[in-house]
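> Questions regarding the structure given below will be posed in turn.
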Amino acid sequence: MPEVRRSIAITIDDTEIDAYEGESILQAARRFGIKIPSMCYLEGLSVWGACRICVVEVAGQHQPRPACATLVVEDMEVRTNTARLQSHRRTILELLFAEGNHVCAVCVSNGNCELQDRAVEAGMDHVRFDYRNPLRPVDATHPKYVFDPNRCIVCTRCVRVCDEIEGAHVWDVASRGHQAHLVTELGQPWGRSSSCTWCGKCVASCPTGALFYQGSAVGESVHAPDLVARLVAARRDHEWFPPVESPTSPNEQNGDDR
Amino acid sequence: MTEKTRLATVWLGGCSGCHMSFLDMDEFLFDLADRVDVVYSPLADIKEFPDGVDLTLVEGAVANDDNLELARLLRARSTTVVSFGDCAVTGNVTAMRNPLGDPQAILRRVYVDKVDRDGAIPDDRPVVPALLPRVLPLHQVIDVDVYLPGCPPPAARIRDAVVGILDGTLPRERGEGIRFG
Ligand code: SF4
Ligand code: SF4
Ligand code: FES
């Protein structure tokens, strides 16, 4: 039986829309073609609500709310692009750039990077904060993939896709605050992981150049974040999912990702 | 005839790629030459950064004490300073040594530990300038008026920015014109 969802009238940037009960502001906005920038949110995965790039203003509430983690309620009035929000988004992006080591000129994802795209949209022409320049060793032990934490923004898309969609749970977040970082296999090198199935879903989902195929050169890594939503829909509807010819794998013409 | 704009271009800690891209403006350089006098540049043999410069494009990050001194001098003598390219804007490749810490340790590794014999760190001051503890983007050292990212900024992007500055029409929203990399 098809699901019946109660509709809820809300207003986003002066446009009245019929949202569904139980849906987030971000999901409702997307269904109606209203753009709200996001980074940690990925359709098909659980909501993490960590990057705060999707902040919106809700009438009657002083604090901006993350659109991906705020459910719609009747008569809600939402603003997605005020001067205050633009300034918050730019600050968040500058902090992300200052926190890691983002050298776009030598990055595998240069030109195909969600972080870079969000920065362009936000008008970020320089970073006002001091760069931290942390020392973060690259893990290239996996035969097929590389993890470069210098470009990781700890969005946890890889953690969630590996746990929720692949069911392998190779990834976790260790430590807190600015020390928070990703680990594979509870801190073992990725190449020694016995639970990694070599499925490539983490690489497909990563918004930046932090996860890529071995042998990728500058600008060669193209991710496929919409893969997750397509997989989830195919599983729900019991549809045959054609094997994915991975666009991110320069060395694999047969697309034999398991 | 109106007076020409006094233009300077400066090469700090960068690979000169931004200057190569500047030359890639090709025949537009003739049009530019009608509007500007190049009063200082690595492309011209002028020893001292002059007074009264209208517009200065600065390529490269601030990596050593020589860069630092020239950055302060050019700021004092220029009306408009442009951070020209990713190294000036972010530190970029030049700043990739920062995570490794103390520059002396890096110099020792390169010039002493990794050579077969008689290695020595070049320290003939002031011919060889001393490295700063950290490579810095230009705006952390002096005030910057316009940012022109890109590694290098494509010639068309440089042309748009320079013309925009000369005409006073550089838009606040510059879209793809600010993409790093
Ligand atoms: S991950 Fe994106 S923002 Fe970071 S260096 Fe690579 S292209 Fe630039
Ligand atoms: S590796 Fe990529 S997907 Fe995983 S947390 Fe870092 S940026 Fe996000
Ligand atoms: S996309 Fe909403 S908090 Fe990251």
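The values are calculated or read from the model by the stated rules, or taken from the named source; none is laboratory data. Everything numeric here is computed off the predicted structure, so don't read it as measured data. Methodologically, a virtual Cβ is constructed for each residue, glycine included, from the backbone with ideal geometry; neighbour enumeration extends over all protein chains shown. When the accessible area is computed, the model is the full protein with side chains, heavy atoms only, and any ligands, DNA or RNA have been set aside. Shrake-Rupley method; radii C 1.70, N 1.55, O 1.52, S 1.80 Å.
> Express the carbon and sulfur contribution to the solvent-accessible surface of segment A:7-86 as a percent, rounded to the nearest whole number, probe 1.4 angstrom.
46
> What is the magnitude of the charge dipole of the protein assembly as shown about its Cα centre, with +1 placed on the Cβ of each Lys and Arg, -1 on the Cβ of each Asp and Glu, and no other charges, expressed in debye to the nearest 20?
1020
> Would you work out if the protein assembly as shown is rounded, prolate or oblate? Take a ≥ b ≥ c from the square roots of the eigenvalues of the alpha-carbon gyration tensor; rounded if a/c is under 1.5, else prolate when a/b is larger than b/c, oblate otherwise.
oblate
> Please check chain B for the longest run free of GluC sites (Glu not before Pro) that are loop-located per DSSP (anything but H, G, I, E, B) and have at most 15 other Cβ atoms within 10 Å.
The longest uninterrupted stretch comes out as B:49-172.
> Under 18 Å from a point 7 Å along the Cα-to-Cβ line of A:Thr91: which residues of segment A:54-80 have their amide N that close?
Of the residues in segment A:54-80, A:54-58, A:61-67, A:80 have backbone N under 18 Å from the label point off A:Thr91.
> At a 10 angstrom cut-off on C-beta neighbours, averaged per residue, how do the peptides A:146-152, A:162-168 rank from highest to lowest?
Most protected by this proxy first, the peptides run A:146-152, A:162-168.
> Working with all protein chains in place, sort A:Thr197, A:Thr208 by solvent-accessible area computed with a 1.4 Å probe, largest first.
Ranking A:Thr197, A:Thr208 by accessible area, largest first, yields A:Thr197, A:Thr208.
> For segment A:135-253, build the charge dipole from Cβ charges (+1 Lys, Arg; -1 Asp, Glu) around the Cα centre, then report which of A:Trp198, A:Pro242, A:Thr208 sits farthest towards its positive end.
Sorting the options by dipole projection puts first A:Thr208.
> Ok, one more. For chain B, build the charge dipole from Cβ charges (+1 Lys, Arg; -1 Asp, Glu) around the Cα centre, then report which of B:Leu136, B:Thr9, B:Pro153 sits farthest towards its positive end.
My answer, from the dipole projection, is B:Leu136.
> Continuing with this model, one more query. Over segment A:7-86, what number does the Rg to Rh ratio reach, with both radii from the alpha-carbon atoms and Rh per Kirkwood?
Ratio of gyration radius to Kirkwood radius: 0.92.
> Now for a different question. Ignoring ligands, DNA and RNA, what accessible area per residue does segment A:106-177 give at 1.4 Å, in Å²?
Computed with neighbouring chains in place, this is 40 Å² per residue.
> What is the magnitude of the charge dipole of segment A:60-150 about its Cα centre, with +1 placed on the Cβ of each Lys and Arg, -1 on the Cβ of each Asp and Glu, and no other charges, expressed in debye to the nearest 20?
For this selection, approximately 180 debye.
> For B:Val144, B:Val38, what's the largest-to-smallest order of accessible area, 1.4 Å probe?
B:Val38, B:Val144
> If the only charges are +1 at each Lys and Arg Cβ and -1 at each Asp and Glu Cβ, what is the size of the charge dipole of segment A:38-196 around the Cα centre, to the nearest 20 debye?
The calculation lands at about 420 debye.
> Moving to a separate point now. Can you tell me which of B:Gly17, B:Gly164, B:Gly150 moves the most in a GNM of chain B? Springs connect C-alpha atoms under 10 Å apart.
Among B:Gly17, B:Gly164, B:Gly150, the largest mean-square fluctuation in the Gaussian network model of chain B belongs to B:Gly164.
> Rounded to the nearest 10 Å², what accessible area does B:Lys114 show when all protein chains are kept and the probe is 1.4 Å?
130
> Where does chain A land at 222 nm, in deg cm²/dmol rounded to the nearest 500, when only DSSP H runs of n ≥ 4 count, each adding -39500 (n - 2.57), divided by all residues?
Computed mean residue ellipticity for chain A: -5500 deg cm²/dmol.
> For A:Trp198, A:Trp48, give me the order by solvent-accessible area with a 1.4 Å probe, most accessible first, ignoring ligands, DNA and RNA.
The ordering from most to least exposed comes out as A:Trp48, A:Trp198.
> What residue among A:His223, A:His181, A:His238 has the largest mean-square fluctuation in a Gaussian network model of chain A, using Cα springs under 10 Å?
Result for chain A, Cα springs under 10 Å: A:His238 fluctuates most.
> Normalised by the number of residues in chain B, what is the relative contact order in percent for Cα pairs under 8 Å and 6+ residues apart?
About 25 percent, as a whole number.
> Which of A:Gly33, A:Val55, B:Leu23 sits closest to the plus end of the dipole of the protein assembly as shown, meaning its Cα is farthest towards the positive end, when Lys and Arg get +1 and Asp and Glu get -1 on the C-beta?
Result: A:Val55, furthest along the dipole toward the positive end.
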